[in-house]
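These notes concern the structure reproduced below.
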Amino acid sequence: MGRVLSQDLRDRVAAAVAGGLSCRQAAVRFGVSAASASRWRQLARAHGTPAARAQGGDRRSARIEAHAGFLLGAIEARDDITLGELQARLAERGTPVGLGTLWRFFDRHGISRKKRRRTRASRTAPTS
């Protein structure tokens with residue numbers, strides 16, 4: 001994956017292209033690829049600035065977060081409900097999701113779905 005180049009460089013390349021240089025000439029002058037100079041020119045035309053967009057991050061959790069009230073209410077109503085049962089209930093509502101999606105939702109909200117309490121070890125002293 002490529003790295004984000006500085007905003008100053010992007011601005012200088014876009015200004016050079018706006019000043020009359022071609023994208024290839026500006027790319028050679030500033031030591032970047034012609035494709036980058038062309039993309040930055042398109043960004044400057046469309047948005048007014050060749051600024052980099054945000055990279056990475058979560059783009060899909062909004063779909064499950066829209067049902068947060070339903071999921072948290074289902075847990076309050078029945079605390080021993082399984083992820084599979086929640087998955088089926090969401091599918092009935094028209095939102096098919098995977099078990100991993102549900103697990104990550106509960107992890108984000110700090111909710112553990114462990115059914116049994118932790119028990120102490122059966123032996124109190126080492127045997128060897």
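The values are calculated or read from the model by the stated rules, or taken from the named source; none is laboratory data. Only a predicted model underlies this, so the values are computations on that prediction, with no experimental measurement involved. With ideal geometry, Cβ positions are generated from the backbone for all residues, glycine too; neighbour counts draw on all protein chains shown.
Only one of these is within 30 Å of Trp103 (Cα to Cα), exposed (fewer than 14 other Cβ atoms within 10 Å of the Cβ) and modelled with pLDDT of 95 or more: Ala88, Ala54. Name it.
Ala88
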Open item on the list: So in the range 94-108, with the set limited to residues that are more than 16 Å from the chain's Cα centre (by Cα) and surrounded by fewer than 15 Cβ atoms within 10 Å (Cβ to Cβ), which one is farthest from Leu83 (Cα to Cα)?
Closed with: Gly94
TODO: Could you pull out the residue among Ile64, Ile111 that is in contact with a Leu (Cβ under 9 Å, 6 or more places away or on another chain), surrounded by 15 or more Cβ atoms within 10 Å (Cβ to Cβ) and at pLDDT below 95?
DONE: Ile64
TODO: Give the residue, chosen from Ala26, Ala74, that is closer than 30 Å to Thr95 by Cβ, out of contact with any His (no Cβ under 8 Å at 6 or more places or on another chain) and surrounded by 12 or more Cβ atoms within 10 Å (Cβ to Cβ).
DONE: Ala74
